[in-house]
Amino acid sequence: MVSFDVDNLYTNVPVHEAIEITLDMLFKRPTPPPIPFTRPQLKRLLEIAVCGIPFRFLDKIYIQIDGVAMGSPLGPILADLFMSNIEQKLNKFSTNKPLVWIRYVDDIFYIFKKQQNINDFLMRINKWHPNIEFIIERKM
């Protein structure tokens with residue numbers, strides 16, 4: 001068993017990709033979402049809410065280029081939906097599925113079904129997405 005952490009998850013979430021994942025989850029369901037917006041309207045609202053957000057650091061104003069701004073109310077939602085999408089890909093394409101995979105935000109508890117090289121597995125999961133880096137928190 002091993003515990004993984006996603007290194008700097010919020011600031012590494014690709015915002016535009018996370019928005020598309022969110023829209024797909026809402027609008028590709030068999031029943032339409034109970035919201036009064038079309039897909040393009042909701043996309044624009046999400047972009048306004050999370051893209052190009054200014055922030056202040058040491059009395060200077062900066063613009064967030066990518067990643068979810070720390071403190072954004074949509075940050076945890078977009079990060080969770082983005083990570084859920086990565087997990088779905090794991091379940092779909094992985095031939096060596098885990099016995100246990102439990103994730104809470106950016107922390108993952110993993111139990112292997114059989115003896116497996118943890119470093120090889122870590123190398124493989126770090127290829128899932130260029131923005132996301134898994135690190136081993138501690139071996140148990």
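Filter the stretch 95-108 down to the residues that are surrounded by 13 or more Cβ atoms within 10 Å (Cβ to Cβ) and either under 9 Å from the mean Cα position of the chain (by Cα) or not β-branched (Val, Ile, Thr) (or both) and list them by number. Across the stretch 95-108, the qualifying residues are PRO98, TRP101, ARG103, VAL105, ASP106, ASP107. Among the residues of the stretch 87-104, is any closer than 19 Å to TYR10 by Cα and touching a residue at least 24 places away in the same chain (Cβ under 8 Å)? So far as the stretch 87-104 goes, no, none of its residues is closer than 19 Å to TYR10 by Cα and touching a residue at least 24 places away in the same chain (Cβ under 8 Å).
Picking from residues in the stretch 41-54 that are in a helix (DSSP H, G or I) and in contact with a helix residue (DSSP H, G or I) (Cβ under 9 Å, 6 or more places away or on another chain), the one that is surrounded by the fewest Cβ atoms within 10 Å (Cβ to Cβ) is GLU47.
Within the stretch 55-76, how many residues turn out to be in a strand (DSSP E or B), in contact with a Gly (Cβ under 8 Å, 6 or more places away or on another chain) and either within 16 Å of ASN12 (Cβ to Cβ) or of a type in the set (Lys, Arg) (or both)? Steps first, answer last, please.
Of the stretch 55-76, the ones in a strand (DSSP E or B) are 55-57, 60-63.
With in contact with a Gly (Cβ under 8 Å, 6 or more places away or on another chain) added as a condition, the list becomes 63.
With either within 16 Å of ASN12 (Cβ to Cβ) or of a type in the set (Lys, Arg) (or both) added as a condition, the list becomes none.
Count: 0.
Inside the stretch 6-36, can you point out the residues that are part of a loop (DSSP other than H, G, I, E, B) and hydrophobic (A, V, I, L, M, F, W, C)?
As a first pass, look at the stretch 6-36 and keep what is part of a loop (DSSP other than H, G, I, E, B): 7-8, 13-14, 28-36.
VAL13, ILE35, listed by residue number.
The set of residues from the stretch 117-140 being at pLDDT below 90, assigned to a loop (DSSP other than H, G, I, E, B) and exposed (fewer than 12 other Cβ atoms within 10 Å of the Cβ) comprises ASN117, LYS127, MET140. Number of residues in the stretch 3-23 that are surrounded by fewer than 18 Cβ atoms within 10 Å (Cβ to Cβ) and either within 11 Å of the chain's Cα centre (by Cα) or more than 18 Å from ILE48 (Cα to Cα) (or both): the value is 6.
Of all the residues in the stretch 24-39, those that are surrounded by fewer than 13 Cβ atoms within 10 Å (Cβ to Cβ) and of a type in the set (D, E, K, R) number 2.
The values are calculated or read from the model by the stated rules, or taken from the named source; none is laboratory data. On a predicted model such as this, the values are computed, not experimentally measured, just so you know. Quick reminder, even Gly has a Cβ in these numbers, built from the backbone with ideal geometry, and neighbours come from all protein chains shown.
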